Amino acid sequence: MYINFVFFVTLRPELIFHIYFCMDIHHELKELSKFLSDYSTSLMAVGVQTSRVVRNTTRIAESFGFDLDMTIFQKTIIMTLRDADNSHSYSTVSRIKPMALNFAINSKLSTLSWEAYDNRLGLDELKQRYHEIINKPRESKWLVLFLVACANASFCRLFQGDVTSMGIVFVATLAGFFVRQFLIERHWNHLAVFIISSFIASIIGSTGYLFHWGNTPDMALGTSVLYLIPGVPLINSIMDIIDGHVLAGTSRFINACLLIICIAIGLSITLLITGVSAL
């Protein structure tokens, strides 16, 4: 201990300054990297396309005078934050957290990146605003359930379904989406959730065929599972591939295709049980 102290006090002042400077910038890189990891994984989780995640995260890094390199996979993000002359860097590997699609969070987090860039917000203020956005109470799940059922019934009408078929689809969506919410809250495998939800909705949607309700039972059965179609992942996958993020885009596309297959499996089980042979 005495030898270390003697060595330290005999160092030249400029060398001591350099040591403290390196420690300070390393700490800043570390803290900012941790924040950017949370920020970028949240963006990916709520359904943002990959290029937008990269732009927003890089914008915040540039507001602090640092350069950022990112590699995004289906479930993880690898990030390296470095200073302008590449003399200091800090790397992180973060797992993308499970969150529901949320365009409100998407918009607010994107706005936050511009505020950080334009107003040169400090890291503490950035963290505070970020947590306010992420922790804001969500809409009532019962309201979401009702609105999804209304939307899916409207799809039935768009496909020339009559009022009776719309009512069947409304009830089928209520039941299927409620089961989906229930199973997701209990952390079931998402593929199994889609199969079960598709089966529940389609079995109720088939009642128009079984009991001869309405004039368009085929529309009721066919549109009863439309609320499960992974439209956002499909769109994001194509956008990612177009933007050059082929790996992330392909992963998203494969995942979306698996979900569509699960919907088809649930619907097929209903057709086998009820004996309905045509939509």
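Each value in this text was obtained by applying a stated rule to the coordinates, not by laboratory testing. In this text the structure is predicted, and so the values were computed from the model without any measurement. Note: ideal-geometry Cβ built from the backbone for every residue, glycine included; neighbour counts use all protein chains shown.
Given axes a ≥ b ≥ c from the Cα gyration tensor, I'd like to know whether the chain is rounded (a/c under 1.5), prolate (a/b larger than b/c) or oblate.
prolate
Tell me, 253, 66, 194 in order of fewest to most beta-carbon neighbours within 10 Å?
So the residues, fewest neighbours to most, are 253, 66, 194.
Grab the DSSP H runs of the chain that are 4 residues or longer, score each as -39,500 (n - 2.57), total them, divide by all residues and round the 222 nm result to the nearest 500 deg cm²/dmol.
Dividing the helical sum by the residues of the chain leaves -23000 deg cm²/dmol.
Which of the residue pairs 75/141; 75/127; 30/127; 30/75 have a Cα-Cα distance greater than 19 Å in the structure shown?
Violating the 19 Å Cα-Cα cut-off are 75/141; 75/127; 30/75.
So what's the projected area for segment 116-202, the Cα convex hull averaged over all directions, in nm²?
Seen from a random direction, the Cα hull of segment 116-202 projects 8.8 nm² on average.
For the chain, with only Lys/Arg (+1) and Asp/Glu (-1) charged at the beta-carbon, what is the dipole magnitude about the Cα centre, in debye rounded to 20? Each step should come with its number before you reach the end.
Values: 21 positive and 21 negative charges, 141 e Å.
Computed charge dipole of the chain: roughly 680 debye.
Which of the peptides 37-47, 86-96, 260-270 is most tightly packed, and how do the rest follow, going by the mean number of other Cβ atoms within 10 Å of each residue?
Packing proxy ranking, top to bottom: 37-47, 260-270, 86-96.
Using alpha-carbon pairs under 8 Å, 6+ residues apart, how would you state the relative contact order of segment 124-245 in percent?
27 percent
Among 76, 58, which comes first, then next, by fewest other beta-carbon atoms within 10 Å?
Working: 76 13, 58 19.
Starting with the residue having the fewest Cβ neighbours, the order is 76, 58.
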